[in-house]
Amino acid sequence: MVEVRRRLHQIPELGFAEFKTQRFILDYISRLPQERLEVATWRTGVLVRVRGTQPTRTIGWRTDMDGLPIEEETGYDFQSLHPGNMHACGHDLHMAIALGLLTHFTANPTKDHLLFLFQPAEEGPGGAQPMLESDEFRRWKPDLLFGLHISPDYPVGTIATRPGILFSNTSELFIDLTGTAGHASLPHRSNDMVIAASQLAMQLQTIISRNIDPLDSAILTLGKVTIGTKQNIIPGSARLEGTIRTLSMDSMEKIKDRIRSLVKGIETGFECQAHIDWGANYCQVENEENLTREFMEWAGREGGVQVVECREAMAGEDFGYFLREIPGFMFWLGVDTAYGLHHPKIQPDERAIPVALDLLTSYIEWKAGR
Ligand SMILES: CC(=O)N[C@@H](CCC[C@H](N)C(=O)O)C(=O)O
């Protein structure tokens, strides 16, 4: 499965463009014994059902598939073959682990049906919600659903999770400001969006510090601001791009209300036009309490791993949409790397792949019966 991970690492594709990745997965599946397999595609995703021997329910396992628009700097000899794109969030490992589990259970079926979901577009615009609503998913809808995400923060052999919220609510944020461009020497005849955008960027930072309960964590990060073309031209437009993260739905709504008010103030104060686009929104990943506790106790006892009860993460994961309808959980898999998720040099330790396979083979056998 390490080799599978490396092959997938070379073909990172962005959300809903995972064409080669889907082809790779379908080709891999076609080489497995077919007697118990049913395969469907949904957009660039894949659903595989392994028919159980005495089924009473369906146990699901989900992996994401997409890469990120990052120029890779790992120096791997199996580096990305797609310039500008990289698997920098571990989805190559996630897929290899899912294919390893699928391989095992195709040869060693459980009593219950198993459903493997290869879900596109986790990084955006979000594949979980539309996949959940698809006919293909509804036909084989699992009774329980599980998933994992690699974590650079834990050593190999450690997993971390918690009952309740694991990942935050997220909303993307795009604000376009339109004023009037002009000559640098004629500020009175133009309407400078450098000043308007700078004011707005600073004002937005007051929302978390002044409007949100300090005990209710929230984040507003602007990751990209685009203004101007040349030092002696007053730019007539600006674009601010960011993301909002909260641990409660209420705070998300409050932050959005405050952004609307502040943006209206900028429109009035700077006599410009503004447009807000909330982009992709993900709901929180809320692990089902009893299943998660049971898994943590089981994994510590029989899973051959160290189990850490972690805090909530302010990252987002559209797996949360599945968990709104289906009981289950997600956990962090330690991959012990110096560079964080989304970093061009991230090198997850591949020894985490057999750790996950051993742990999950036993756990799924335990849940789905042999
Ligand atoms: C695990 C992880 O890194 N997830 C991404 C999810 C992106 C959410 C959304 N597109 C946004 O940027 O708000 C993350 O950045 O947390």
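The table for this structure:
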{"read-out": "Failed item, numbered, when Ile266 is tested on (1) within 16 Å of the ligand (Cβ to nearest atom); (2) open to solvent by less than 80 Å² (accessible area, probe 1.4 Å)", "value": "(1)"}
{"read-out": "Residue in the stretch 299-314 that is open to solvent by 30 Å² or more (accessible area, probe 1.4 Å) and small (Gly, Ala, Ser) present", "value": "yes"}
{"read-out": "Test: residue in the stretch 26-43 that is part of a loop (DSSP other than H, G, I, E, B), surrounded by 17 or more Cβ atoms within 10 Å (Cβ to Cβ) and in contact with an Asp or Glu (Cβ under 6 Å, 6 or more places away or on another chain)", "value": "no"}
{"read-out": "Some residue of the stretch 73-82 being open to solvent by less than 30 Å² (accessible area, probe 1.4 Å) and more than 16 Å from Arg5 (Cβ to Cβ)", "value": "no"}
{"read-out": "Some residue of the stretch 187-206 being assigned to a loop (DSSP other than H, G, I, E, B), at pLDDT 95 or above and not assigned by TED's automatic domain parsing to the domain that holds Trp332", "value": "yes"}
{"read-out": "Residue match in the stretch 210-230 (condition: part of a helix (DSSP H, G or I) and either closer than 25 Å to Asn169 by Cβ or within 16 Å of the ligand (Cβ to nearest atom) (or both))", "value": "yes"}
{"read-out": "Scan of the stretch 13-54 for residues that are aromatic (Phe, Trp, Tyr) and closer than 26 Å to Asn108 by Cβ, ordered by number", "value": "Phe24, Tyr28"}
{"read-out": "Every residue from the stretch 271-283 that is open to solvent by less than 30 Å² (accessible area, probe 1.4 Å) and within 15 Å of the ligand (Cβ to nearest atom)", "value": "Ala280, Tyr282, Cys283"}
{"read-out": "Of residues in the stretch 55-69 being over 15 Å from the mean Cα position of the chain (by Cα) and in contact (Cβ under 8 Å) with a residue 60 or more places away in the chain, the one most open to solvent (accessible area, probe 1.4 Å)", "value": "Arg57"}
{"read-out": "Unmet criterion (only one of (1) open to solvent by less than 40 Å² (accessible area, probe 1.4 Å); (2) over 18 Å from the mean Cα position of the chain (by Cα); (3) touching a residue at least 60 places away in the same chain (Cβ under 8 Å)) for Gly236", "value": "(3)"}
{"read-out": "Where a residue in the stretch 74-86 is at positive phi and in the same structural domain as Asp349 (by TED's automatic domain parsing) and its partner, wherever it lies, is open to solvent by 40 Å² or more (accessible area, probe 1.4 Å) and part of a loop (DSSP other than H, G, I, E, B), with Cβ under 9 Å and at least six apart", "value": "Gly75/Lys345; Gly75/Gln347; Gly84/Pro69; Gly84/Glu71"}
{"read-out": "Residue within the stretch 341-349 that is within 16 Å of the ligand (Cβ to nearest atom), open to solvent by less than 20 Å² (accessible area, probe 1.4 Å) and either within 30 Å of Thr178 (Cβ to Cβ) or assigned by TED's automatic domain parsing to the domain that holds Trp140 (or both) present", "value": "yes"}
{"read-out": "Test: Glu172 is under 30 Å from Arg260 (Cβ atoms) and open to solvent by 40 Å² or more (accessible area, probe 1.4 Å)", "value": "yes"}
{"read-out": "Any hit, the stretch 291-314, residues being touching an Asp or Glu at 6+ places or on another chain (Cβ under 8 Å) and within 13 Å of the ligand (Cβ to nearest atom)", "value": "no"}
{"read-out": "Among the candidates Ala218, Ala181, residue that is among the aliphatic types (A, V, I, L, M) and open to solvent by less than 60 Å² (accessible area, probe 1.4 Å)", "value": "Ala218"}
{"read-out": "Qualifying positions in the stretch 139-185 - under 25 Å from Leu200 (Cα atoms), of a type in the set (Asp, Glu) and away from the ligand (no atom under 16 Å from the Cβ)", "value": "Asp176"}
{"read-out": "Only one of Glu286, Glu365 that is outside any strand (DSSP E or B) and either open to solvent by 10 Å² or more (accessible area, probe 1.4 Å) or within 16 Å of the ligand (Cβ to nearest atom) (or both)", "value": "Glu365"}
{"read-out": "Identity of the residue in the stretch 95-136, away from the ligand (no atom under 16 Å from the Cβ) and of a type in the set (Asp, Glu), that ends up surrounded by the most Cβ atoms within 10 Å (Cβ to Cβ)", "value": "Asp112"}
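To keep it simple, each residue is scored yes or no on (1) among the hydrophobic types (A, V, I, L, M, F, W, C); (2) assigned to a helix (DSSP H, G or I).
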residue: His82; (1), (2): no, no
residue: Ile97; (1), (2): yes, yes
residue: Thr106; (1), (2): no, yes
residue: Phe116; (1), (2): yes, no
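The values are calculated or read from the model by the stated rules, or taken from the named source; none is laboratory data. Just so it is clear, the structure is predicted and the values come from calculations on it, not from any experiment. Positions of Cβ are generated from backbone atoms using ideal geometry, with glycine treated the same way; all protein chains shown enter the neighbour counts. Heads up: the accessible areas ignore ligands, DNA and RNA and are worked out on the full protein's heavy atoms, side chains in. Shrake-Rupley method; radii C 1.70, N 1.55, O 1.52, S 1.80 Å.
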